[in-house]
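FYI, it's all coordinate maths here, none of it is from the lab. Note that this is a predicted model, so its numbers are computed, not measured.
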């Protein structure tokens, strides 16, 4: 008999509730349930059934009501499911009760997203962020892991040790959270130092943002040859990649991709990833990549804009980049002053995108020849730090060809070939 080494997939029934008392973004609808199914597939599971419920208000105990719980249990049993996943957020007590009533593992959308992030994080920073979010999610749910003690309530020797163990676990997790937060503070300090250096060197920063699977990594690859894995699946990129991009002979920028956004993104995850996402606030330009081929692109755009506001980056200049325009279904492609339509896959529209970035970020740098006397040779190190040095020749003077910002040219003054002192208006 041939041994099958294929890992068994989790089989899950998906459940969603719509209620008029929930905020619109918290309700389950057809689009969010399809997205939940895609998230499950990304996590390595398989959807074997979908149950939806409309209800005036969520049931405090079971969220969906006793009758619907019985229906979900039947579906799970019939389809041999080993877990049930809710599109809505569940309270710790609801999650515990549902798991007991259904007899299978119960997760909500936040737990599923956290699991995907845990699978995908590769860098130390990414793993720290995900671990912090997981512990914050787990802390209020610890009680559910001690339900076996509740069943033995009053039995000699169970209550005290049980409570002690629970409190011990809580203390352990709180210590872990504090430690992770300290480590992420160190990450922020390093980022702040790097940011100060970039500002000092006047290197503009472009941040790519967008809904998950909108094509951000494909765009970064197209622009810079970064060779980041770009697959057609949710949350394929978690760890920020930064590359240098030459817009023109005299304009070079740093461009970074960021983790994809998604509706109902767990708050703990947004908090944990702020060390990375705060870069948006300090960027000189945001490229908001929008999947033009997705019928839900307007809703997805609204989700991204809400998160940009939450992260304090709503004042950052922005270009809306409608990607996958080769698969756009409308009659007239999106267009306008701050809108570019492209296909990152084919390269269509990319020259127009580069021109649009250049118009916004050109800092007035120009190519000049600098004649350094040998007794001022130390300025060469400064030029390597603050300009783009193209060549150095040693003759009567040290002749440097470099692309410099107006600030650097002003500091070097007469050493720059063809330099003229700036005339104030009243001197004319």
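Taking square-rooted eigenvalues a ≥ b ≥ c of the alpha carbon gyration tensor, is the range 202-361 rounded, prolate or oblate, where a/c under 1.5 means rounded and, failing that, a/b exceeding b/c means prolate? Before the final figure, lay out the partial values.
Working: a/c = 1.39, a/b = 1.07, b/c = 1.30.
Cα axes put the range 202-361 in the rounded bin.
Note the angle between two axes, namely the Cα long axis of helix 92-102 and the longest principal axis of the Cα atoms of the chain, as a number of degrees from 0 to 90, rounded to the nearest 10.
Between the helix axis and the principal axis of the chain, the angle is about 50 degrees.
Angle between the Cα long axis of helix 297-310 and the longest principal axis of the chain, 0 to 90 degrees, nearest 10?
80
Report for the chain the percent antiparallel among DSSP-assigned beta bridges with both residues inside it, nearest 5.
Values: 22 of 57 bridges.
Of those bridges, close to 40 percent are antiparallel.
State the antiparallel share, in %, of DSSP beta bridges confined to the range 1-84, rounding to the nearest 5.
Numbers: 1 of 11 bridges.
Roughly 10 percent of the beta bridges in the range 1-84 run antiparallel, per DSSP.
In a solvent-free Debye calculation with one equal scatterer on each Cα, what is log10 I(q)/I(0) for the range 11-119 at q = 0.14, 0.18, 0.22 Å⁻¹, listed in the order of the q values?
For the range 11-119, the Cα-only Debye profile gives -0.48, -0.82, -1.27.
To test your reading of the geometry: what angle, between 0 and 90 degrees and rounded to tens, separates the Cα axis of helix 159-200 from the longest principal axis of the chain?
Computed tilt is about 20 degrees.
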